[in-house]
Amino acid sequence: MQTNFAPEQLADPAMAASEKILRTCVHCGFCTATCPTYLLLGDELDSPRGRIYLIKDMLEGGKPASREVVKHVDRCLSCLSCMTTCPSGVHYMHLVDHARTHIEKTYRRPLSDRLLRTVLALVLPYPNRFRMALLAAKVGAPLRPLVARLPRVGNRLAAMLDLAPAQLPNRNRTDRPGTFPADPSAQEISALFQTGEDKGPAERRGRVALLRGCAQSVLRPDFNEAAIRLLNRHGVEVVHPKGEGCCGALTHHMGREDSAHAHAKGTIDAWIAEMDGPGLDAIVVTASGCGTTIKDYGFMFRDDPAYAEKAARVSAIARDVTEYMAEIGLLPPVEDTDLVVAYHSACSMQHGQAIRTEPKTLLKKAGFTVKDVPEGHICCGSAGTYNILQPEIAARLRDRKVANIERVKPDLIATGNIGCATQIGKGTDIPILHTVELLDWATGGPRPEALANLPARPAPVRAHA
């Protein structure tokens, strides 16, 4: 794509990076085939190629964001399916992130929109505030029909009420700063590992930081609890550093650059203190949406003299929990887990981090029958705050995803992202769990509560010698 940015525009590092991305695009249109919003709406401007043209015109012309640009960029899920499809390597994620930041700086949204986005930014990244908001949502749930009728913002407030859980989980003992030591018996069980590529925990004992997160720690604290048990069982010490908070992903995708960077810096500082002190082998993440952003810290802070090096160090050792477990090797299963699992690969997992086979391979090793979901590359509609800010499109994508999942007739659904688990869970009665919960159960952990109503499979008859 030919560009005509002025030299003074390219003196801005963000603009220079976007100009380079724009020049990579060859207008081929392959991205339209895998874009969820183009699939649903059929509008070229709601495809990556169309948005690229809009963003180019806005940035190149030095223009403030227009209402049309905002409409179509806001409809983008940032699912990044286009990046997987693109044969030219267009880094759409960095381009649309820049566009969102430019929009927030140059466009004055309607008052109702500004208020809602401000509330989301001031509540979701803070677990205590988020917990209080969910309690308030529970009280307000009976008023949903009235709330939905409010002009401009009613549909989005109703979506917030719909997404709130009927029962808020209790806090658990692992949701705190502290260290969770490796299982003392981990070295003794290393002989159970096969030789070859699999390596026992005695050979791969490690120390990792586990992101506590913000929304996930309130909605599904059992995800990280299962991860800690699994890692400890495999000889890995887990630490929740003091001072760690939200990774910044939620506000980053809303274009609130200052807020996102402030959150990220606090978390970077907490991890660097551990890296420079006792040391870390990895920073493990159980929410793939967060993982995609953390792995991009090096780019986000590339021009920050105080944080460029620290951010790059953090990104270099960030791992999704399934990515890390694939590296250290999974213990053989000790439970008969012969259940059919529909694996939903979160967009941030398969497109954002290019992690596609590891979760399924681990589930198969743990004894599950794993089935791919038709149209698995298409987003479920969660996408951070998207299912609140664009509830109609999100609902259509959720229903499409659920229909595809139910076609494979699974016993349960596995995923690696809290947003997907919440979104899909609102559309089906099939139990949905984090992949790490299933791996924990298979290797000696408790049976997940979500499976309580599934009939237990009879134990296989074993031949006697």
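Worth pointing out:
- When residue 26 is tested against (1) touching a Ser or Thr at 6+ places or on another chain (Cβ under 9 Å); (2) touching a residue at least 24 places away in the same chain (Cβ under 8 Å); (3) part of a helix (DSSP H, G or I); (4) open to solvent by 30 Å² or more (accessible area, probe 1.4 Å), just one condition goes unmet, and that condition is (3).
- Residue 324 over 25 Å from residue 236 (Cα atoms) and of a type in the set (Phe, Trp, Tyr): no
- Answer from 334, 340, 321 - the residue that is open to solvent by 20 Å² or more (accessible area, probe 1.4 Å), among the β-branched types (Val, Ile, Thr) and over 24 Å from residue 398 (Cα atoms): 334
- Residues being under 16 Å from the mean Cα position of the chain (by Cα) and among the β-branched types (Val, Ile, Thr) - total across the range 369-387: 2
- Residue 375 vs. criteria part of a loop (DSSP other than H, G, I, E, B), charged (D, E, K, R), modelled with pLDDT of 95 or more and out of contact with any Leu (no Cβ under 8 Å at 6 or more places or on another chain): yes
- Sole exception among (1) surrounded by 23 or more Cβ atoms within 10 Å (Cβ to Cβ); (2) closer than 30 Å to residue 70 by Cα; (3) modelled with pLDDT of 95 or more for residue 213, by number: (3)
- When the range 1-15 is filtered for residues that are surrounded by fewer than 13 Cβ atoms within 10 Å (Cβ to Cβ) and either within 27 Å of the chain's Cα centre (by Cα) or outside any loop (DSSP other than H, G, I, E, B) (or both), the ones remaining, listed by number, are 7, 8, 13.
- Tally of residues being open to solvent by 10 Å² or more (accessible area, probe 1.4 Å), under 23 Å from residue 174 (Cα atoms) and either in contact with a strand residue (DSSP E or B) (Cβ under 8 Å, 6 or more places away or on another chain) or in a loop (DSSP other than H, G, I, E, B) (or both) across the range 239-269: 4
- Qualifying residue in the range 187-200 (condition: open to solvent by less than 10 Å² (accessible area, probe 1.4 Å), in a helix (DSSP H, G or I) and modelled with pLDDT under 95): no
- Restricting attention to the range 1-42, the residues that are within 14 Å of residue 91 (Cα to Cα) and of a type in the set (Val, Ile, Thr) total 3.
- Residues in the range 281-295 that are open to solvent by 20 Å² or more (accessible area, probe 1.4 Å) and within 26 Å of residue 419 (Cβ to Cβ): 289, 290, 295.
- Restricting the range 165-184 to residues that are open to solvent by 40 Å² or more (accessible area, probe 1.4 Å) and not in a loop (DSSP other than H, G, I, E, B), the residue that is modelled with the highest pLDDT: 179
- Comparison of 84, 34 shows that the only residue that is out of contact with any strand residue (DSSP E or B) (no Cβ under 8 Å at 6 or more places or on another chain), among the β-branched types (Val, Ile, Thr) and open to solvent by 40 Å² or more (accessible area, probe 1.4 Å) is 84.
- Answer residue from the range 316-354, given it is of a type in the set (Gly, Ala, Ser) and not in a loop (DSSP other than H, G, I, E, B) and is nearest to residue 207 (Cα to Cα) among those: 318
So that you can scan it fast, the table gives a plain yes or no per residue for (1) open to solvent by 60 Å² or more (accessible area, probe 1.4 Å); (2) over 27 Å from the mean Cα position of the chain (by Cα); (3) over 30 Å from residue 50 (Cβ atoms):
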position	(1), (2), (3)
103	no, no, no
108	yes, yes, no
111	yes, yes, no
114	yes, no, no
130	no, no, yes
135	yes, no, yes
142	yes, yes, yes
147	no, yes, yes
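- Residue that is hydrophobic (A, V, I, L, M, F, W, C) and open to solvent by less than 50 Å² (accessible area, probe 1.4 Å), where the choices are 308, 316: 308
- Residue count for the range 343-368, restricted to those that are within 21 Å of residue 445 (Cβ to Cβ), of a type outside the set (Gly, Ala, Ser) and either within 17 Å of the chain's Cα centre (by Cα) or open to solvent by less than 60 Å² (accessible area, probe 1.4 Å) (or both): 7
- Residue 152 being open to solvent by 10 Å² or more (accessible area, probe 1.4 Å), under 19 Å from residue 385 (Cα atoms), charged (D, E, K, R) and at pLDDT below 90: yes
- Cβ-Cβ contacts under 6 Å between residues 6 or more apart (or on different chains), taken from a first residue in the range 308-335 that is more than 30 Å from residue 262 (Cβ to Cβ) to a second residue that is open to solvent by 60 Å² or more (accessible area, probe 1.4 Å) and at pLDDT below 95, are listed as 328/204; 329/199; 332/192.
- For the condition closer than 29 Å to residue 134 by Cβ and in a loop (DSSP other than H, G, I, E, B), residue 446 qualifies.
- Scan the range 419-443 for residues that are out of contact with any Cys (no Cβ under 9 Å at 6 or more places or on another chain) and not in a loop (DSSP other than H, G, I, E, B) and the total you get is 13.
- Just one of the listed residues (393, 405) is outside any loop (DSSP other than H, G, I, E, B), open to solvent by less than 10 Å² (accessible area, probe 1.4 Å) and not polar (S, T, N, Q), namely 405.
- Within the range 270-302, the residues that satisfy the criterion of being part of a loop (DSSP other than H, G, I, E, B) and hydrophobic (A, V, I, L, M, F, W, C) are 280, 287, 301.
The values are calculated or read from the model by the stated rules, or taken from the named source; none is laboratory data. What you are looking at is a predicted structure, and each value in this text was computed from that prediction instead of being measured. We place every Cβ from the backbone using ideal geometry, glycine too, and count neighbours over all the protein chains shown. Each accessible area value is taken on the protein alone, full model and side chains, heavy atoms only, with ligands, DNA and RNA left out. Shrake-Rupley method; radii C 1.70, N 1.55, O 1.52, S 1.80 Å.
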